[in-house]
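Enquirer: Before I ask anything, here is the structure I am working with.
The values are calculated or read from the model by the stated rules, or taken from the named source; none is laboratory data. On a predicted model such as this, the values are computed, not experimentally measured, just so you know. Note that we place each Cβ from the backbone using ideal geometry, even for glycine, and neighbour counts take in every protein chain shown. Surface areas here come from the heavy atoms of the whole protein model, side chains and all, with no ligands, DNA or RNA. Shrake-Rupley method; radii C 1.70, N 1.55, O 1.52, S 1.80 Å.
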Amino acid sequence: MTDNVSDLVLDGNVAALLLQRIFSRDITLAKIRCDSCDCVSGVGSLALHAAPMGAVLKCADCESDLMRAVDTPRGLWLEMTGARYLRF
Ligand SMILES: [Zn+2]
């Protein structure tokens, strides 16, 4: 039994509405914070490096990889290990 609301654990389907609101927006208008240098940039202003493994968006200040998108036969992948967050 839970003691308060913070102990309540539900499955990920409950977050569907919130996540759909986030991912339906124009990604180019989002702000992204670099985990390496802490700068904030507009996603639409990042430099795109086309690579065999997909599209890599790099930080404008330190050139760390912020986002990597790859379309494969097994699905569309988005990696954001170099970013702290996206803000819409
Ligand atoms: Zn950076």
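Enquirer: Based on the Cβ-Cβ distance of PHE88 and ASP7, what FRET efficiency does E = 1/(1 + (r/R0)^6) give at R0 = 30 Å, to the nearest 0.05? The partial results should precede the final answer.
Expert: On the way: r = 29 Å, r/R0 = 0.97.
The calculated FRET efficiency here is 0.55.
Enquirer: Write down the percent of antiparallel bridges among all DSSP beta bridges whose residues are both part of the chain, to the nearest 5.
Expert: In the chain, DSSP labels about 100 percent of beta bridges as antiparallel.
Enquirer: Separate question: How much of the accessible area of the chain, in percent, comes from carbon and sulfur atoms when a 1.4 Å probe is used? If you can, show how the numbers build up before the last one.
Expert: Values: 3760 of 6650 Å².
Carbon and sulfur together cover 57 percent of it.
Enquirer: Please work out the average accessible area per residue across region 1-57, using the 1.4 Å probe convention, and give it in Å².
Expert: 76
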